[in-house]
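Scroll down for the structure; my scribbles are underneath it.
The values are calculated or read from the model by the stated rules, or taken from the named source; none is laboratory data. Model, not experiment: these values are computed from the prediction. Neighbour counts are summed over all protein chains in view; Cβ atoms, including those assigned to glycine, are modelled from backbone coordinates with ideal geometry.
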Amino acid sequence: MKSNYVTQLFILLIVFGIGNSIFAQSDREIVDKFKAEYVSIEKSIKDATTLQELNLVLDEITMLKQDFAQHKELLDKSLYPDKYDASMEKLNKAYLLRQGDFSTIDVLQTEVGELKQQVEFLNQRNNELLVQVQKLEDQRQKDAKSIKKLENLVAELRSSIRERDNLVLSMIDSLMPPTMRDKENLTIEDKDMVASEEKKDNVLSNVKTTIRDNIRFIQATSLKPKDLESIREQQKDFVTKWQKVGVKLVEVYAEDGNKTEELKQIDELFNEWSTVVKQEAWESIIDEFSLNGIELMSFKSGAEFTNSVDMFIGDELKNLGVKSDEESKRTYSQFADSTWFATIQPVWMNYLVENKMLTDENKNKMESKISEWKNALYPSYWWIYLIVAVVVIAGAAFFFMKRKKPASNVSE
Amino acid sequence: MKRLIILFLFLILLIAACSVLTLQPANFGWPIESVLPVDDEGKVTDDRYSIEINTVGLFFDEFQDSLSYRGKEVRMIRDNQGFYFLTASDFKNVYVFKVDEGKLVLENKIFISEFGLQTPAFNQRDPYIELIDGTNKMNLTYKGVEGGSK
């Protein structure tokens, strides 16, 4: 019995001894293993491209924590500067931070999805409105009643275009969040993400449609200075935002010929939009005259405008003896009373001068020409009044002198 | 008598003046060993503990070859008392050094194996330094082996 007990004890000692020997492990090895796994998880967090991939990392963190909990004391002493708990906390924070990134991306993707639908709806609606506006513009001179309807449609279209512009701006924002815009160089992951988002939502195509519609809107309508100011502001906002993102997009699509071409087209459209806004003032002025039956020679600058007015009045002056007096006066009335003094001077003149589209000198020149035209049509008869006045005064003086004379005879 | 008192006081003052300020206890132990590659000049550097040692003499002592340090790495640990334990693969001994002014001075050379260590590693096991090599392990102090299995 005793020998049996000794044998069991011996076996037990051998088992423990072997076990002890087998599990002999270098502390350094444990610490190095922990560090390697830590670095690997850190990399997995950083490299995760989807939330699903990131969720797998959470299991790795849990496993790491479980596997090394028994070596906490050793790791606390050996890890520097962070100890075991601080290291695990750091990993958890990195995980949560990355999770936050994905949540933000998820929210942005949903937002962009909704924006895409709204933009598509507005694109269609704007098209319909533009067609209606164009039709009414063509009828404008024939059917004066439709003017009110046209004005309402234009207001609706303007508001609709503005709404769509804002949505596309939001799309651009979502495509490249400000943090990414501020980066000096985009990483490959950043570029892939931007390219995939752009492809999904067709952002570049939407930007082009937006600019084209804005151009079409300006071309189809006759706008007032207030509208143009507002369009200029809107255009400025768009250009500023696009300039920041556009440069980065060129970087993203450096090797994609089609997209590079598309970006080039957008730049050209921006230039065209800017030119059209500048031209619109002149077009609207031409329309104002045209609406009142005055067909001026086309102009695209202050000097050309002055020249056109000068030529028109010059022709009218030449025709004074040829055309009937009544016809000449009607033309003057349409030009000066119905257009110049009713719209051009009160509505446009300040806008043109303030935006340096017309000089004071040209303005004065046109006004003096109109004055000359008026004088030719309605000559002033001041000299007759002067003669009459002189005769009346002379007559009165003679009368008084004649009445004074008998009185002096009596006193003598 | 008066002379004796003066002499006694003088001795007390002398003893007081000669006593050295001592801070204790102090623990110099490293939690884990450092594994340091030997550079082309035979030096090893540990950034964490800001230590740089020329190991040419160590390798020469072990292998009798002044260039045997090339491509090697040294395993080093410090015990609680401040002694440095150094060894490397193929070493038959563990070398124990104490610190002196700008140098390490050999305190003890502990013979371990006639066939040389294959994959040696040190662990801090207060008050010992544990040496493991494969499945073998033993406890060391600066004086020598303190038992264990081989």
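Things worth noting here:
- Among (1) of a type outside the set (Ser, Thr, Tyr); (2) modelled with pLDDT of 95 or more; (3) at positive phi - the single one residue B:71 does not satisfy: (2)
- Single unsatisfied condition, residue B:73 versus (1) of a type in the set (Asp, Glu); (2) within 14 Å of another protein chain (Cβ to nearest Cβ); (3) within 18 Å of residue A:24 (Cβ to Cβ): (3)
- Residue among A:88, A:1 that is more than 30 Å from residue B:136 (Cα to Cα) and at pLDDT below 80: A:1
- Qualifying positions in the range B:29-66 - of a type in the set (A, V, I, L, M) and part of a loop (DSSP other than H, G, I, E, B): B:38
This table checks each residue for (1) touching a Pro at 6+ places or on another chain (Cβ under 9 Å); (2) over 27 Å from residue A:190 (Cβ atoms); (3) assigned to a helix (DSSP H, G or I); (4) not assigned by TED's automatic domain parsing to the domain that holds residue A:26.
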residue	(1), (2), (3), (4)
A:55	no, no, yes, no
A:58	no, no, yes, no
A:62	no, yes, yes, no
A:69	no, yes, yes, no
A:85	no, yes, yes, yes
A:88	no, yes, yes, yes
A:92	no, no, yes, yes
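- Selection count, the range A:278-310, where residues are assigned to a helix (DSSP H, G or I), under 30 Å from the mean Cα position of the chain (by Cα) and not charged (D, E, K, R): 8
- In this structure, residue A:322 does not qualify as in a helix (DSSP H, G or I) and modelled with pLDDT under 90.
- Summed over the range A:350-377, the residues that are closer than 18 Å to residue A:304 by Cβ, modelled with pLDDT under 90 and outside any loop (DSSP other than H, G, I, E, B) give a count of 3.
- Some residue of the range A:32-44 being farther than 20 Å from residue B:75 by Cβ, assigned to a helix (DSSP H, G or I), of a type in the set (A, V, I, L, M) and at pLDDT below 85: no
- Scan of the range B:94-128 for residues that are within 11 Å of another protein chain (Cβ to nearest Cβ) and surrounded by 17 or more Cβ atoms within 10 Å (Cβ to Cβ), ordered by number: B:120, B:121, B:122, B:123, B:124
- Some residue of the range B:54-67 being in contact (Cβ under 8 Å) with a residue 12 or more places away in the chain and within 13 Å of another protein chain (Cβ to nearest Cβ): no
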